[in-house]
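What follows is a set of notes on a single structure, which appears directly below.
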Amino acid sequence: MSERMERFEIAGRLRLVLRVPAGEVRVVAGKPGEAVVHCRADERHLSLVAIDRDGDTITVGPKGAGFGHWPSLDLEIAVGAPPDVRARFGSADVELRTAVRSLEAAGASGDVVVGTVEGSLTVRLASGDLAVASVGGPVDVVTASGDVRVRQAGGQVEVKTASGDIALGTVEGDCTARTASGRVAVARFNGGRFKGKTVSGNVRLGVPSGRRYSLSLQTLSGDMRTDFPVSGESGGAPAHIGVTSVSGDIRIAAAGEA
């Protein structure tokens, strides 16, 4: 295994563009005013990795357009300030151990673990789990197979998965959560509009007490339960909750219990 290191002075807002065929990607905290790229691979393939800079944008990836047949690549980037990150990978695990301004990631196979995203989060995964501590801006996630977990979301949230559970902590904005085969759980929903849908799986939504909602709950084979009084009056409610399930239970609970 050989190693290559490149150090860059950064005066403005750093942007990372990462293309990794296979292996591991880590973004960690570094010294202010610089970015340090550490890349490890066998000697033959390491010579084919391009590490380029254009202004405050650092691009790392194989030379040429395609991934081809690559062995594992270990990439670690130390940054002095939160960067914007755009990552594309074939089969790799991605871990952001320090705060980032925004994240746009797309991968065929691999897990993505994120700490703090100050702005927007956009993720597309064919197979892999996503775990995020907090997002300040909008969340847009689509996965084919994998669980999605976001502890804190300060903006609008839209999550879709074909096979996997969706677990959200506190959601401040409007929220759409859809899964064909999996569960949906939101611990605390503070937004104005929630839309949940499952084909096979339960939906549990936690809401703060003392707030009025209009409800639309439907399940073909499952139980429906709300921990709050329900009246037949229509109109006047400032927020809306709509949940549909083909085979699954629906529960509207006190915040923190969902």
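The values are calculated or read from the model by the stated rules, or taken from the named source; none is laboratory data. Small disclaimer: the values here were computed from a predicted structure and weren't measured. Note that each Cβ is placed from the backbone with ideal geometry, even for glycine, and that neighbours are counted across all protein chains shown.
Regarding the stretch 158-179, can at least one residue be identified that is in the same structural domain as T244 (by TED's automatic domain parsing), in contact (Cβ under 8 Å) with a residue 40 or more places away in the chain and small (G, A, S)?
Taking every residue of the stretch 158-179 in turn, none turns out to be in the same structural domain as T244 (by TED's automatic domain parsing), in contact (Cβ under 8 Å) with a residue 40 or more places away in the chain and small (G, A, S).
Okay, residues lined up against (1) at pLDDT below 95; (2) in contact with a Leu (Cβ under 7 Å, 6 or more places away or on another chain); (3) within 25 Å of P21 (Cβ to Cβ):
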| position | (1), (2), (3) |
| --- | --- |
| D111 | no, no, yes |
| L125 | no, no, yes |
| L130 | no, no, yes |
| V150 | no, yes, no |
| G154 | no, no, no |
| A167 | no, no, no |
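Out of all the residues in the stretch 100-134, which are outside any strand (DSSP E or B), farther than 20 Å from A162 by Cα and in contact with a strand residue (DSSP E or B) (Cβ under 6 Å, 6 or more places away or on another chain)?
The answer is R101, G119, S120.
Kindly evaluate G137 against the criterion of being at pLDDT 95 or above, more than 12 Å from the chain's Cα centre (by Cα), surrounded by fewer than 23 Cβ atoms within 10 Å (Cβ to Cβ) and outside any strand (DSSP E or B).
Taking the combined requirement at face value, the residue does not satisfy it.
When you scan the stretch 57-73, do you find a residue that is free of Cβ contacts under 8 Å to residues at least 24 places away in the same chain and polar (S, T, N, Q), even just one?
no
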